[in-house]
Amino acid sequence: MYIYVDSFHCLKNLKDMVTFFSLFTIYPFILPFLCLTVILYLSYAIVEQFQQRPKGVAGPPTYPIIGCLIPFYKNRYRLLDWYTHLISKSPTQTIVIDRLGARRTIVTANPYNVEYMLKTNFDNFPKGKPFNEILGDFLGNGIFNVDGEMWYKQRKMVSHEFTARSLRDYVVNALKEEVENKLLPILELMEAENRAFDLQDLLRRLGFDVVCKVSLGFDPCCLNESLSFSPLLDAFERASQICAERGAAPIFVVWKVKRWLNIGSEKQLKLAVDQIHSSIDDIIRERKIKIREENQKETNKDLLSKMILAANFDEEEVRDMVISFIMAGRDTTSAAMTWFFYLLSLHPEIEYELVSKELRFIEAETLTKYEILKEMNFLKSCLCETMRLYPPVAWDSKHAISDDILPDGTRIKAGNRVTYFPYGMGRMENLWGKDRFEFKPRRWMQESEEEGTEQVSNLYKFPVFQAGPRVCLGKELAFIQMKYVVASILKRFQIRPACSDPPVFLPLLTAHMAGGFKVFVHKTKYN
């Protein structure tokens, strides 16, 4: 995981650092400790920097001791586009980032390297301790924050449940209830009152309700107008935000000391995590009682019930796994759908083709049928094209256990961060052609006599859902959810931006539009 540093986080970190250094007057023993830590770290960094970069390895201008700190600082507000530019100029689509204050990082948009990391030599590229430390207080030992045997044990159990038809049907039923009874009435009201609203926020609330129903069998009612504030949702928002700030901190020791002293943002993180743990622990205890008192078949639908009945995990493991599921599902689909509606508003001809040719003749009732949703190939192509340009996870990192060599010849040292870069990969001419910056869903359709046949895309050319042993288990369910929600909206409404200013892509733990997506909703013209 590699987290973007934006202006908000820089200001936040500046305030935190002022608070941090003011502590020296209260805790004088901190200064010697910090000085020793910095001296040891700088000694290590100097040794690293004087090891010359091999010839042929691309990257920004690098200097002794400080590495590429100067160009990195100059481009700190546009790291995504800076990395993309550097990678596009690299013969191997791989760059090396050596800078004072950070671990040596290899960033790649080369599909062969991605396949090597995620599949061929999977065991040498775990998430690693740096990732575990940043998210450990929040995600604990959940499936998305662990490696090795603990990961394998959880993966084995969960993979079986995600392929079960019962879970798929449960997801569709949850979607129907949320969309038909809550989302569409809200859109009807917005249309009647001609009121601008934040579509991103609405879709995030919908996503949180659905993922809580599927994971916990619990409805937090975030779409209910009378319950617009959800303590659980707010706690998740605060926890994920502060964890993102940890990753963006220019000096990692700052947040660690703040955690040790339980002050500032780290105190807020602890409060948020305590609230999440308390809420989910209560749900787990109540579910266990319900399972004992009722017929097990009647309660064995959501993931929590299935994990309790599996009896392979203790209560803390179950809680951490559920938190991981909620984190993975709450913002990813809503982010993709938000950008989808934005891109569709710029291409009314594609919207017309989608609605008039694929959605127009589908009755609302049949959207609950998996077979109907699966046949919506053009809609899936539109969603894939959206995620190519605006991936919900812009970059993801692993940490090498031992020295290695990537297929393009890049040398990896033990402990290096190795980042594959979906955002940059979606903008590589050698992967997508000269029209790579254009929204063209047809590129996902096979150029053959059989029109509408879905192209089998190279998983490592489009690693939005990861690939290999850690490929996203919820991939198909994510497409079901997005197709159902998007089709339900487009059959009734058109979404149009309330502002002409281009939105800003902000890749934190999950990428989203900075400041939300203000829109107006109108009755569709295509029926």
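The values are calculated or read from the model by the stated rules, or taken from the named source; none is laboratory data. As the structure is a computational prediction, the values presented were derived from the model and not from experiment. FYI the Cβ positions are ideal-geometry reconstructions off the backbone, even for glycines, and counts take in every protein chain you see. These area figures cover heavy atoms from the full protein model, side chains too; ligands, DNA and RNA do not enter into them. Shrake-Rupley method; radii C 1.70, N 1.55, O 1.52, S 1.80 Å.
Within the range 195-215, the residues that satisfy the criterion of being part of a helix (DSSP H, G or I) and touching a Phe, Trp or Tyr at 6+ places or on another chain (Cβ under 9 Å) are Leu199, Gln200, Asp201, Leu203, Phe208, Val211, Cys212, Lys213, Val214, Ser215. One residue stands out in the range 499-524 among those that are of a type in the set (Val, Ile, Thr) and in contact (Cβ under 8 Å) with a residue 12 or more places away in the chain: the one that is nearest to Glu193 (Cα to Cα), namely Val521.
If the condition is being surrounded by 14 or more Cβ atoms within 10 Å (Cβ to Cβ) and not charged (D, E, K, R), then the range 174-189 contributes Ala174, Leu175, Val179, Leu183, Leu184, Ile186, Leu187.
Here Ser166 passes the criteria (1) open to solvent by 50 Å² or more (accessible area, probe 1.4 Å); (2) of a type outside the set (A, V, I, L, M); (3) more than 23 Å from Leu473 (Cβ to Cβ) except the one numbered (3). Among helices (runs of 4 or more DSSP H) entirely within the range 346-432, having at least 3 residues that are open to solvent by 20 Å² or more (accessible area, probe 1.4 Å) singles out 348-353, 370-374, 429-432. Within this structure, Ala336 fails the test of being crowded, with 16+ Cβ neighbours inside 10 Å, within 26 Å of the chain's Cα centre (by Cα) and not in a helix (DSSP H, G or I). Within the range 140-149, is even one residue open to solvent by 20 Å² or more (accessible area, probe 1.4 Å) and among the acidic types (Asp, Glu)? Yes, the range 140-149 contains a residue that is open to solvent by 20 Å² or more (accessible area, probe 1.4 Å) and among the acidic types (Asp, Glu).
Any residue at all in the range 223-236 that's under 23 Å from Leu367 (Cα atoms), in contact (Cβ under 8 Å) with a residue 40 or more places away in the chain and either open to solvent by less than 30 Å² (accessible area, probe 1.4 Å) or in a helix (DSSP H, G or I) (or both)? So far as the range 223-236 goes, yes, one or more of its residues are under 23 Å from Leu367 (Cα atoms), in contact (Cβ under 8 Å) with a residue 40 or more places away in the chain and either open to solvent by less than 30 Å² (accessible area, probe 1.4 Å) or in a helix (DSSP H, G or I) (or both). Pairs are defined by a Cβ separation below 7 Å, a sequence spacing of at least 6 or placement on different chains, a first member in the range 258-271 that is assigned to a helix (DSSP H, G or I), and a second member that is of a type in the set (D, E, K, R) and open to solvent by 80 Å² or more (accessible area, probe 1.4 Å); the pairs so defined are Glu266/Arg259.
The selection criterion, being at pLDDT 90 or above and out of contact with any helix residue (DSSP H, G or I) (no Cβ under 9 Å at 6 or more places or on another chain), holds for Asp282. Each residue in the range 84-116 was checked for being without any contact (Cβ under 8 Å) to a residue 12 or more places away in the chain and assigned to a helix (DSSP H, G or I), and 1 of them qualify.
In the range 471-497, of all residues being part of a helix (DSSP H, G or I) and open to solvent by 30 Å² or more (accessible area, probe 1.4 Å), the one that is nearest to Ala335 (Cα to Cα) corresponds to Lys475. Can you pull out the residues in the range 121-132 that are open to solvent by 40 Å² or more (accessible area, probe 1.4 Å) and either closer than 17 Å to Thr92 by Cβ or outside any helix (DSSP H, G or I) (or both)? Hit for the range 121-132 is Asn121, nothing else.
Looking across the range 383-407, the residues that are over 20 Å from Gly474 (Cβ atoms), out of contact with any strand residue (DSSP E or B) (no Cβ under 8 Å at 6 or more places or on another chain) and touching a residue at least 60 places away in the same chain (Cβ under 8 Å) come down to Ile401, Ser402, Pro407.
Of the candidates Lys89, Lys119, the single residue that is charged (D, E, K, R) and in contact with a helix residue (DSSP H, G or I) (Cβ under 6 Å, 6 or more places away or on another chain) is Lys119. When residues of the range 135-149 are filtered for being under 20 Å from Val418 (Cβ atoms) and either over 15 Å from the mean Cα position of the chain (by Cα) or not in a helix (DSSP H, G or I) (or both), how many remain? Qualifying residue count for the region: 3. Scanning the range 249-284 for residues that are over 19 Å from Leu508 (Cβ atoms) and among the polar types (S, T, N, Q) gives Asn262, Gln275, Ser278, Ser279. Give the residues of the range 190-222 that are in contact with a Cys (Cβ under 6 Å, 6 or more places away or on another chain), without any contact (Cβ under 8 Å) to a residue 60 or more places away in the chain and open to solvent by 30 Å² or more (accessible area, probe 1.4 Å), sorted by residue number. Across the range 190-222, the qualifying residue is only Arg205.
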